[in-house]
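Down below is the structure, laid out as structure tokens.
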Amino acid sequence: MSVLTLYYAPNSCALASHLALEHAGADYVAVRLDFASQQQRSADYLRINPKGRVPALVTERGILTETPAILQYVAQRHPAARLAPLDDAFALARMNAFNSYLCSTVHVAHAHNRRGYRWVDDAAAIAAMQAKVPHNMAECIELIEREFFVGPWVLGEGFSVSDLYLFTIAQWLEGDGVDAARFPKVADHRARLRADPVVRKVIDIESGAR
């Protein structure tokens, strides 16, 4: 298999894909984009991902975008890493349902904090959306805590890419005005993953510490 190339930006949802590649033992290189200088909007990057967002994963067969798709691809490409219940159609569908909820609902709720301009131009409307973020994010995490988190991992006994994705989203809670301590399952899950050597390695890479 050829080397994969992941395009990411620090403090973005691309962390989940970065963690999955590292956990899988994939042969990959990670390319950092500088959002502050709008590198994601550069002509060179738009040829890779016309959406102008991260993550993007360059494979020998083409380019993949969208976190849920990349996570399943990494899990299927590296089955020995056991990052998805690949032999159980129902469990795999549950994994994708969870990841889709994070992508389509929780991440969108978070985006209203800093990306309100995607939906409206009016400053007052943007401020109103920002004010709603703590409530919306807390409501999402409460639903995960109550209904979707089986334990000890998201899907139960088996660790999966869903854990890496939830960890990524949970990193944003305090910045979105949510006290993670209100959600003991999610807070404990985040603490356990923060202690994981692979997670620490990737966070150090993305922060420029190594």
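Conditions (1) surrounded by fewer than 17 Cβ atoms within 10 Å (Cβ to Cβ); (2) closer than 15 Å to Thr105 by Cα, marked per residue:
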residue: Asp122; (1), (2): yes, no
residue: Glu139; (1), (2): yes, yes
residue: Glu147; (1), (2): yes, no
residue: Gly151; (1), (2): yes, no
residue: Val154; (1), (2): no, no
residue: Leu164; (1), (2): no, no
residue: Phe167; (1), (2): no, no
residue: Glu174; (1), (2): yes, no
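Confirm whether Asn113 is buried (at least 16 other Cβ atoms within 10 Å of the Cβ) and not assigned by TED's automatic domain parsing to the domain that holds Phe167.
For Asn113, the condition - buried (at least 16 other Cβ atoms within 10 Å of the Cβ) and not assigned by TED's automatic domain parsing to the domain that holds Phe167 - is not met.
Being assigned to a helix (DSSP H, G or I) and exposed (fewer than 14 other Cβ atoms within 10 Å of the Cβ) is the filter here; which residues of the stretch 88-97 pass it?
Ala89, Phe90, Ala93, Ala97 - these are the residues of the stretch 88-97 that are assigned to a helix (DSSP H, G or I) and exposed (fewer than 14 other Cβ atoms within 10 Å of the Cβ).
Residue by residue through the stretch 17-69, note down the ones that are exposed (fewer than 14 other Cβ atoms within 10 Å of the Cβ) and touching a residue at least 40 places away in the same chain (Cβ under 8 Å).
Gly25, Glu60 - these are the residues of the stretch 17-69 that are exposed (fewer than 14 other Cβ atoms within 10 Å of the Cβ) and touching a residue at least 40 places away in the same chain (Cβ under 8 Å).
If I ask for residues that are modelled with pLDDT under 95 and in a loop (DSSP other than H, G, I, E, B), which ones from the stretch 12-51 would you list?
Asp34, Gln38
Return the residue satisfying two criteria in turn: it lies in the stretch 188-202 and is surrounded by 13 or more Cβ atoms within 10 Å (Cβ to Cβ) and free of Cβ contacts under 8 Å to residues at least 60 places away in the same chain, and of such residues it is nearest to His18 (Cα to Cα).
Arg200
The rows are residues; the columns are (1) touching a residue at least 60 places away in the same chain (Cβ under 8 Å); (2) of a type in the set (Phe, Trp, Tyr); (3) part of a helix (DSSP H, G or I); (4) in contact with a Cys (Cβ under 7 Å, 6 or more places away or on another chain).
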{"site": "Leu83", "(1), (2), (3), (4)": "yes, no, no, no"}
{"site": "Asn99", "(1), (2), (3), (4)": "yes, no, yes, no"}
{"site": "Thr105", "(1), (2), (3), (4)": "no, no, yes, yes"}
{"site": "His110", "(1), (2), (3), (4)": "yes, no, yes, no"}
{"site": "Asn113", "(1), (2), (3), (4)": "yes, no, yes, no"}
{"site": "Tyr117", "(1), (2), (3), (4)": "no, yes, yes, no"}
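The values are calculated or read from the model by the stated rules, or taken from the named source; none is laboratory data. Since this is a predicted model, take the numbers as computed values, not measurements. Neighbour counts run over all protein chains shown; Cβ positions are idealised from the backbone, glycine included.
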